[in-house]
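Each reported figure results from applying straightforward, stated rules to the coordinates on display, with no laboratory input. For clarity, every value in this text was computed on a predicted model and none was experimentally measured. Cβ coordinates were reconstructed from backbone atoms using ideal geometry, including for glycine residues, and neighbour counts include every protein chain displayed.
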Amino acid sequence: MKKSFNPFNTIGYVSEKYFCDRQSELKILLQNANNRINTTLISGRKYGKSALIYRFFEELNKENECICIYFDIYSTQNLKEFTELLAAKVMQKFPQKESIGKRFWNYLKTLRPVMTYDGLSGQPEVHFEFTQPKEYERTLTSILQFLDEQKSPVLLAIDEFQQVALYPEKNTEAILRTIIQTLHNVQFIFSGSHRHLMVEIFSSAKRPFYSSTQSMTLVEIPYSIYKEFIMGHFTENKKEISTEMVDFILDWTYNHTYYTQFLCNKLFACANRKPDLSYVKTICSTILEAEQGNFLQYRNLLTTFQWKLLIAIAKEEKLYQPQSKEFIQKYKLGAASTVKKTIASLIEKEMVFVHIEKEESYYRIYDVFMMRWMQKTY
Ligand SMILES: Nc1ncnc2c1ncn2[C@@H]1O[C@H](COP(=O)(O)OP(=O)(O)O)[C@@H](O)[C@H]1O
Ligand SMILES: [Mg+2]
């Protein structure tokens with residue numbers, strides 16, 4: 001591997017230096033942590049929720065001794081898997097050679113877990129084979145109580161939390177809420193990218209988590225701050241970049257964090273001595289070419305009308321009035337009711353998302369690169 005480090009990260013979190021802004025969000029997270037308020041963090045995919053949680057954990061540990069545990073439940077499908085994943089994460093946090101780790105392990109042994117090790121990461125995995133669903137609930141309660149008994153405060157971030165709404169155990173939210181109410185030393189961040197499900201969990205008066213957290217929506221990093229961040233890293237590494245180029249990068253990627261990072265990463269990796277705007281555009285084309293196979297896969301998975309509508313949305317970039325005569329006629333889309341139904345199905349598939357703005361919300365293709373590819377191809 002090359003020694004010079006690419007400052008534009010596209011996977012996970014590296015360190016503060018390579019993390020742009022989110023100062024106001026960090027401040028709120030810190031305030032909440034200090035005042036025993038649980039936080040709900042919502043944004044579309046790839047805006048930087050998970051990275052922000054890691055960044056926040058790092059910040060928290062600068063000042064206090066704090067036990068921070070992150071677990072992403074996207075892959076879990078029921079309460080059993082949730083409980084097993086939490087047990088595994090706690091084990092990974094407290095290695096057996098430490099005294100807390102020994103205590104946790106001794107406690108866990110009484111539940112007769114089956115231990116395995118992940119073939120790739122080597123990390124421990126925990127499986128329980130209970131016959132009664134109630135036993136998972138009891139186990140979950142005792143794992144959280146174990147955390148509650150620790151001397152240092154505990155912060156538990158559950159990422160992609162909307163998943164619990166899809167579990168077959170319809171009482172999962174009620175179970176979790178009941179346990180959480182008894183804890184004094186464990187605080188939570190519930191993060192999720194499926195806005196509709198997250199809002200239902202936390203804002204519907206009928207649901208157990210109703211009004212129990214402070215909600216925070218993550219939007220784009222402010223343009224001028226991101227611009228400074230990009231220019232700073234290029235300049236620091238003695239690579240030239242003009243303001244014109246950075247403006248183009250941010251516009252082309254909608255400063256949607258992952259896509260901006262990805263384009264900057266590619267440009268940084270290739271930048272010759274005097275790159276110009278046409279060089280940036282060449283890199284953009286290369287990215288779209290590399291992704292084309294994936295985009296075409298979607299065409300096979302969608303109906304002809306879904307695909308047609310997707311192209312129309314891509315061309316509009318920001319679609320404010322999907323049922324307007326003007327939009328429907330421009331792209332020959334037929335009945336407004338069909339457009340409405342199909343947009344709903346594309347949102348469900350996470351191909352399109354509603355960008356909530358103060359003045360007026362709009363629809364946009366989720367994947368910025370796919371949007372650019374469609375604009376270029378059709
Ligand atoms: N503030 C930031 N500064 C720089 N890179 C970031 C920032 N936030 C996120 N990223 C990068 O963007 C990508 C997507 O972020 P991620 O946290 O996975 O998004 P989400 O959890 O919302 O889907 C990751 O590669 C991450 O490293
Ligand atoms: Mg994430």
D (µm²/s, integer) via Stokes-Einstein for region 22-217, Kirkwood Rh across alpha-carbon pairs, 20 °C, 1.002 mPa s: value 124
The long-range amide H neighbours of Q214, using H built 1.01 Å from N in the peptide plane and a cut-off of under 5 Å, are N38, T39, T40
If every Lys and Arg gets +1 and every Asp and Glu gets -1 at its Cβ, then about the Cα centre region 22-217 yields a dipole, in debye to the nearest 20, of 240
The chain: relative contact order from alpha carbon pairs under 8 Å, six or more residues apart, as a whole percent, is 18
Inter-part gap, Cα centre of region 234-276 to Cα centre of region 187-204, in whole angstrom, is 34
Phi-derived 3J(HN,Hα) across region 305-315 with the Karplus relation (6.51, -1.76, 1.60, θ = phi - 60°), rounded Hz, x for Gly and Pro, is 6, 4, 5, 4, 5, 4, 5, 4, 5, 4, 5
HN-Hα couplings for region 28-42 via Karplus (6.51, -1.76, 1.60; θ = phi - 60°), in whole Hz with x for Gly/Pro, come out as 5, 4, 5, 4, 4, 4, 6, 10, 6, 10, 7, 10, 10, 10, 10
Residue-ordered couplings for region 147-163, obtained by feeding phi - 60° into the Karplus form 6.51 cos²θ - 1.76 cosθ + 1.60 and rounding to whole Hz (Gly and Pro as x), are 5, 5, 7, 5, 5, 7, x, 10, 10, 10, 9, 9, 8, 6, 4, 4, 4
Per GNM of the chain with C-alpha springs under 10 angstrom, the most fluctuating residue out of S191, S215, S50 is S215
Computed on Cα atoms only, the convex hull of region 1-119 has an orientation-averaged projected area in nm² of 10.7
At 10 °C and 1.306 mPa s, the Stokes-Einstein diffusion coefficient in µm²/s for region 163-315, with hydrodynamic radius from the Kirkwood sum on alpha carbon pairs, is 81
Between the modelled labels at D251 and S121 (7 Å from Cα along Cα→Cβ) the distance in nm is 4.1
In terms of the alpha carbon gyration tensor, root eigenvalues a ≥ b ≥ c, rounded if a/c is under 1.5 and otherwise prolate when a/b exceeds b/c or oblate, region 239-290 is oblate
Rounded to the nearest whole number, the per residue volume of the convex hull around the C-alpha atoms of region 224-377 in Å³ is 120
For the pair S285 and E169, the simple spin-label estimate (label points 7 Å beyond Cα toward Cβ) gives in nm 5.5
Here the chain gives, from Cα atoms, an Rg and Dmax in Å of 23.1, 69
In nm², the average projected area of the convex hull spanned by the Cα atoms of region 255-317 is 5.3
In nm, the gap between the two label points placed 7 Å beyond Cα toward Cβ at E98 and Y223 is 4.5
Residues meeting the amide H criterion for D72 (H placed from the backbone, H to H distance under 5 Å, 5 or more places apart or on another chain) are D159
The relative contact order of region 224-377, taking Cα pairs under 8 Å that sit 6 or more residues apart, comes to a percentage of 22
Reduced to Cα centres, the span from region 35-113 to region 306-377 in Å works out to 37
